[in-house]
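Novice: Here's a structure for you.
FYI, it's all coordinate maths here, none of it is from the lab. Computed from a predicted model, the values in this text were never measured in an experiment. Here Cβ is always computed from backbone atoms with ideal geometry, including for glycine, and neighbour counts include all displayed protein chains.
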Amino acid sequence: MEVVGLHPVDIVIIGVYMAGTLLLGLYCTRFVGNAEDFFVAGKALPFWAIGFSIVVSDIGATDFVAVAGAAYRNGVAAANFDWMGSMPAMVIAAFLFVPYFWRSGVFTIPEFLGRRYNSAVQFINGLIWVVFLFMMLAVMQWITADKLMFTVLGWNKYVALWVVAAVTGIYTFSGGLTAVVFTDVVQLVVMYVGGFGLLALSLWEVGGWSALQSKVLAMGPEFQDHFKLLLPHNTTGPFPWTGIVFGLGLVLAVAYMSGNQVIVQRTLGARTEWDAKGGMLFGGFLKSMIPLMVALPGLCALVLVPTLGPEDADRAVPEMIRIMLPAGLRGLMFAALFAALMSSISGTLNSAATMFLTDIVGEMRKWRKKKPLSERMALHIGRAITAILIVSTAALAEPIGDKEQLYVYIQTLLSFFQGPVLAVLLLGIIWPRATGYGGLAGLVLGVFFSFVLNYTPDLFPSEDPFLFVAWWSFVFALIVVVVVSLLTKPESPEKLRGLVWSSVVSDLEAQKALDERVSS
Amino acid sequence: MTAIVSTIMAVFEFLQNMFHAALAPIFHPLNTVLGGLPNWVASVFGVGLFVMAMIWVGVFLKKDYVNYGRPHKSIWTDLRLWTCLSMMPHVIFYLYFR
């Protein structure tokens with residue numbers, strides 16, 4: 001693959017962007033005085049900053065490349081993950097889950113599960129997430145350094161890796177969630193300018209939207225579904241409509257938007273509950289534009305670089321940047337890719353540190369009957385964990401990132417948990433009769449059922465049936481939780497007060513008590 | 001070592017066959033029914049998910065609960081309106097690319 005050459009103007013643009021982000025992040029240090037400021041931005045975030053931050057934390061530099069590649073291979077159906085896989089789930093998260101997390105004053109999702117069920121559930125859930133986020137940080141850094149900076153730009157991958165780690169690490173270490181969120185706002189603007197710039201130029205080059213459609217459809221019978229979002233149930237590809245609507249829309253997306261600390265932590269830092277909900281909705285609206293700038297250029301590449309072929313589809317965006325963008329715009333586009341990368345790293349880093357301190361260190365101190373950490377001490381330890389995480393993941397980026405199969409395996413493994421965890425979380429919130437034994441049985445048997453469905457051949461038409469596995473394991477876990485809960489002793493009303501939906505919606509006293517607990 | 005690996009593989013294969021025999025009679029007829037549905041059914045379900053979410057927020061949830069903590073009582077701070085506005089682009093996309 002030919003390396004994309006950068007003009008000095010492009011390098012200046014990227015340099016100015018990196019320095020500006022660092023300075024903005026460092027400026028936010030003045031707002032950090034204690035652990036609450038560091039982990040949940042002192043509960044002072046407005047809805048617009050939350051919305052911007054949710055979107056930009058979710059989109060990585062590799063998404064630009066991978067989603068465009070998927071659109072090149074499978075058409076607009078690749079956009080389902082940002083449309084069907086976002087907005088309905090964000091509405092459910094905004095009005096069902098977020099108010100309870102926010103009102104209970106927790107820092108993390110496992111902390112909420114610990115209050116609803118028990119300490120072991122909190123520790124195990126926190127540990128699984130910390131290990132996963134650690135791996136994700138390492139892989140994100142390595143893939144970007146190796147596949148983007150080295151392969152596309154021809155830069156020294158080790159230098160690029162450590163520069164990005166240093167910049168993001170320093171501002172996340174200093175300014176905590178406030179720095180992460182406000183740099184995210186700038187990064188989203190840069191991403192939108194770069195992404196829509198590429199889309200506009202691609203469409204211009206192709207001859208407009210109608211020309212794109214007619215040229216792609218004229219390429220042959222295998223391209224006839226390239227402008228359909230929902231493909232038939234019996235397609236052998238990865239996006240059948242039943243899997244997209246039920247597995248993605250109702251299970252995986254809801255589990256992701258409601259149970260992913262990186263997403264939910266922004267809403268926990270909201271200044272009011274209204275801002276938390278409004279931030280989710282605003283984020284969903286902004287996210288609806290993402291496929292336009294990451295998927296449609298992949299379709300344009302079918303016309304502009306038809307020689308690529310499906311196996312090299314992930315090269316679509318870099319190739320188009322190389323052949324189409326002039327000096328200056330090329331720098332802006334790469335600044336957008338850096339923005340996507342840095343925001344994902346900083347968001348993941350801050351969330352991993354929060355969970356490590358709250359759900360692992362905090363729970364271990366409780367078991368050893370030690371006093372809870374003071375606010376000041378929690379801030380120092382939180383910063384130390386942030387520094388250790390960024391240095392260790394950058395150092396281990398190559399060995400972990402090179403074993404891409406290991407990461408894929410862990411990601412697959414995590415997807416087995418999503419359906420059952422959502423069932424346990426959902427019933428824990430909406431059904432007061434759900435018990436600790438019911439939750440545990442639903443989780444264990446639900447995950448077992450996921451394995452059975454995934455490793456039993458020929459049950460589903462799709463070659464990669466992960467969407468069906470998510471849906472059916474969710475349904476199975478729901479049934480198990482209900483049956484086992486009805487057979488075991490109910491939880492006491494005092495334990496459930498303010499933690500289940502009905503008590504908070506109908507009981508104004510419970511709402512007031514929770515408000516006082518949060519503000520005290 | 002080879003004996004252990006082959007034993008594990010044999011157990012794995014036995015379990016696969018056992019679960020296939022139990023689950024295939026449930027999933028295969030379901031696949032046949034779903035595979036025969038016309039594409040407009042997919043659009044109805046796809047768009048329906050967005051519409052149902054709008055109806056849930058706009059009709060079934062209490063207004064006070066939806067807007068709890070709103071800064072002032074202007075129509076522009078009503079999150080029921082925000083829900084509909086943020087859903088509309090998606091509905092348009094799913095109707096266009098059908």
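Novice: Could you give the distance between the Cα centres of the stretch A:349-380 and the stretch A:230-277, to the whole Å?
Specialist: Taking the Cα centre of each part, the stretch A:349-380 and the stretch A:230-277 sit 29 Å apart.
Novice: Something else about it: What helices does chain B hold that run 27 Å or longer along their axis, going by alpha-carbon atoms, with a Kyte-Doolittle average of 1.0 or more, using DSSP H for the helix calls? Walk me through the intermediate numbers first.
Specialist: Working: long enough: B:2-35 (44 Å, 1.13).
Result, helices passing both filters: B:2-35.
Novice: Now for a different question. Which distance in Å, rounded to a whole number, links the C-alpha centroids of the stretch B:74-98 and the stretch A:179-204?
Specialist: 22 Å
Novice: Using Cα pairs under 8 angstrom and six or more residues apart, how large is the relative contact order of chain B, in percent? Intermediate results must be reported in sequence, preceding the final value.
Specialist: On the way: 30 pairs, mean separation 29.0, N = 98.
With pairs under 8 Å counted, the relative contact order is 30 percent.
Novice: Show me A:8-20, A:125-137 ranked by packing, highest mean number of other Cβ atoms within 10 Å first.
Specialist: Numbers: A:8-20: 15.6, A:125-137: 21.2.
The peptides rank, most packed first, as A:125-137, A:8-20.
Novice: Here's something else I'd like to know. So what does the Cα-only Debye profile of the stretch A:18-68 read at q = 0.15, 0.20 Å⁻¹, as log10 I(q)/I(0), no solvent term?
Specialist: -0.59, -0.90
Novice: By average Cβ neighbour count within 10 Å, what is the ranking of B:75-88, B:20-33 from highest down? Don't jump to the answer; show the numbers that get you there.
Specialist: Details: B:75-88: 17.6, B:20-33: 13.1.
Packing order, densest peptide first, comes out as B:75-88, B:20-33.
Novice: Translational D (Stokes-Einstein, µm²/s) of the stretch A:160-307 at 20 °C and 1.002 mPa s when Rh comes from the Kirkwood sum over C-alpha pairs? If you can, show how the numbers build up before the last one.
Specialist: Values: Rh = 18.7 Å.
Translational D for this selection: 114 µm²/s.
Novice: Above 33 angstrom, tally the Cα pairs of chain A and express them as a % of all pairs, no decimals. Intermediate results must be reported in sequence, preceding the final value.
Specialist: Values: 53361 of 134940 pairs.
Cα-Cα pairs in chain A separated by more than 33 Å: 40 percent.
Novice: Here's something else I'd like to know. How much net charge surrounds A:PRO46 when only other residues with a Cβ under 15 Å from its Cβ are counted (Lys, Arg +1; Asp, Glu -1)? Please list the in-between numbers first.
Specialist: Details: positive: A:LYS43, A:ARG266, A:ARG271, A:LYS277, B:ARG70; negative: A:ASP184, A:GLU273, A:ASP275.
Result for the local shell: +2.
Novice: Follow-up. Which whole-number percentage describes the relative contact order of chain A, with Cα contacts under 8 Å and a sequence gap of 6 or more? List each step's numbers first, then the result.
Specialist: Working: 880 pairs, mean separation 156.4, N = 520.
Normalised by residue count, the contact order of chain A is 30 percent.
Novice: Compute the distance from the alpha-carbon center of the stretch A:449-466 to that of the stretch A:473-498, in whole Å.
Specialist: Each part's Cα centre sits 28 Å from the other's.
Novice: List the residue ranges in chain A for DSSP H helices whose C-alpha atoms run 27 angstrom or more along the long axis and whose Kyte-Doolittle average is 0.0 or above.
Specialist: Working: long enough: A:8-27 (28 Å, 1.77); A:119-143 (36 Å, 1.84); A:157-206 (45 Å, 1.48); A:329-355 (39 Å, 1.19); A:375-395 (30 Å, 1.07); A:404-430 (39 Å, 1.47); A:436-455 (29 Å, 1.45); A:466-487 (31 Å, 2.75).
The answer, listed by residue number, is A:8-27, A:119-143, A:157-206, A:329-355, A:375-395, A:404-430, A:436-455, A:466-487.
Novice: Tell me which residues come under 5 Å, amide H to amide H, from A:LEU231 once H is placed; ignore anything under 5 positions away on its chain.
Specialist: A:TRP241
Novice: Now for a different question. Shape of the stretch A:335-480 from its Cα gyration tensor (a ≥ b ≥ c, root eigenvalues): rounded if a/c is under 1.5, otherwise prolate when a/b > b/c, or oblate?
Specialist: Working: a/c = 2.45, a/b = 1.27, b/c = 1.92.
In terms of gyration-tensor shape, oblate.
Novice: For the stretch A:135-231, compute the orientation-averaged projected area of the C-alpha convex hull (one quarter of its surface), in nm².
Specialist: Details: hull surface 38.8 nm².
Its Cα hull, projected and averaged over all orientations, spans 9.7 nm².
Novice: I would also like to ask the following. Taking every pair of alpha-carbon atoms in chain B, what share in percent sits in each 10 Å bin, from 0 to the bin with the longest distance?
Specialist: 12, 23, 18, 16, 15, 12, 4, 0
Novice: When a/c is below 1.5 the answer is rounded, else prolate if a/b is larger than b/c, else oblate, so apply that to the stretch A:406-489 with a ≥ b ≥ c taken from the square roots of the Cα gyration tensor eigenvalues. Can you show the working numbers first?
Specialist: Numbers: a/c = 2.57, a/b = 2.06, b/c = 1.25.
It comes out prolate by the Cα gyration axes.
Novice: Still on this structure, I have one more. Per residue of B:79-87, what is the mean number of Cβ atoms on other protein chains within 10 angstrom of that residue's Cβ? Each step should come with its number before you reach the end.
Specialist: On the way: counts 9, 0, 1, 10, 9, 1, 3, 14, 8.
Going residue by residue through B:79-87 and averaging, the value is 6.
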